[in-house]
1. In the stretch 171-198, what count of residues is obtained for those that are open to solvent by 20 Å² or more (accessible area, probe 1.4 Å) and assigned to a strand (DSSP E or B)?
2. Do we have any residue at all in the stretch 126-146 that's out of contact with any strand residue (DSSP E or B) (no Cβ under 6 Å at 6 or more places or on another chain), modelled with pLDDT of 95 or more, within 19 Å of ALA255 (Cβ to Cβ) and open to solvent by less than 10 Å² (accessible area, probe 1.4 Å)?
3. Can ILE205 be described as at pLDDT 95 or above and within 22 Å of PRO106 (Cβ to Cβ)?
4. Please specify each residue of the stretch 74-92 satisfying the condition of being in a loop (DSSP other than H, G, I, E, B) and out of contact with any His (no Cβ under 9 Å at 6 or more places or on another chain).
5. Is there a residue being modelled with pLDDT of 95 or more, open to solvent by less than 10 Å² (accessible area, probe 1.4 Å), over 12 Å from the mean Cα position of the chain (by Cα) and on the phi > 0 side of the Ramachandran plot anywhere in the stretch 160-170?
Amino acid sequence: MSTTLPPSSSGTATQEPREATDAPDAPTSREATETPEARPETEPGLGADARTAPWGTDPYANALRNGHGPLFLRRSDGWLLPLEVERWCSDAGSADLSALHRCEGPVLDIGCGPGRLVAELSALGHRALGIDVSEAAVARTRRIGGSALLRSVFDPLPGEGRWGTVLLVDGNIGIGGDPAALLDRAADLLSPGGLLIAETSALDIDERVQVHLDDGRRRPAEKAAPGPADRPFPWARIGTPALLRYADACGWRPADQWSAEGRAFVSLRRPRPPVRDRSARTSSQRAESANSTPVISSQWER
C-alpha cells in the first residue's frame, strides 16, 4: 500500500525481477537503462520527494523490513488508522485469494507493497506486475519471486491499455485522495472490457483527508525537525456505496461485490469508451504504447 502523487517521473529499482513472468509491454530503452542515481533529483516545479514521499521514508520502509508495525495513517486531528503491515508481509490469505481467483489475463497490482499478491498471482499462472513508490516494497516483492517496478500509478507504465486486471487492494483505492481520478487512470491502463478489483472500507464512508505516516513510537512534541514522513498527503477512504457512485459517474459497469474475512471487495468493468480523452496524452506516451511489444520479465529494467 503506497500513495502516489500525479504527475511525476518514473523510477527504477536495482534488484533483478523474477525471470518467468510475462507482462503486456516492454519498458522503453530509457527506462531499462537508467538507474535512480542517474536521474535528475527534481523536475521543474516538482520537489525531489514529491513522487515517493512519504512511503519511501523510514517508518514505512522500516516496517516492511521488519515485517510488522506499528504503522498508522494519522489525520491532523490525531485520529489513527492502523496499517496491517503483518498481513501485507504474510502469504496471501483466503480473502486475498477471493480476489485473485477473479483476475483475468495479465494483472497490474497498484501499490503492491511487499508483494504477496504479485507472488501469489505468479504462482497461480498469471502474468503479474507490481508497482510501488517504495524501494523497500519493490525490493521485497522481487525477493519473494514477484516482478515489480519502482513507479507511480500516474507515471507512464508498461502495457497501458492492455492489462486484463488492475488491483487496488489494501486501501489503495485511497491513492491520491481522489477516487474519481484514480478510476480514470485505471481505465487508461486496462484493455477494453478489462476488470478492476478494488477493496473498499467495510464502513459506508466517503472521506478525503490529509494524513501522514506515524509509527506511534514518539509523541509529536518529542519528534525532531519534520521530515518527508511528517509531510501531510491526500488520502481517501471509501466504502462500497461510495465507490459504486464514483464508478457510475465515470461510466464503469459493476461486475461483482463480495466480502471475505471482514474485508469488502468490488469488481468493475472498464468503461466503453474510456472516461478520458486519450488525445490529452503526450506524444511520447502514445509512441511508447504504439511501439511496445510483449516481453518476458528478464527484459524488465534492472
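1. 2
2. Scanning the stretch 126-146, I find no residue that is out of contact with any strand residue (DSSP E or B) (no Cβ under 6 Å at 6 or more places or on another chain), modelled with pLDDT of 95 or more, within 19 Å of ALA255 (Cβ to Cβ) and open to solvent by less than 10 Å² (accessible area, probe 1.4 Å), so the answer is no.
3. In short, no.
4. The answer is ASP77, GLY78, TRP79, LEU83, GLU84, SER90, ASP91, ALA92.
5. The answer is no, given that none of the residues of the stretch 160-170 is modelled with pLDDT of 95 or more, open to solvent by less than 10 Å² (accessible area, probe 1.4 Å), over 12 Å from the mean Cα position of the chain (by Cα) and on the phi > 0 side of the Ramachandran plot.
The values are calculated or read from the model by the stated rules, or taken from the named source; none is laboratory data. Predicted model only: the values in this text are computed from it and were never measured. Every residue, glycine as well, gets a Cβ built from its backbone with ideal geometry; the counts of neighbours run over all protein chains shown. For accessibility, only protein heavy atoms count, side chains too; no ligands or nucleic acids. Shrake-Rupley method; radii C 1.70, N 1.55, O 1.52, S 1.80 Å.
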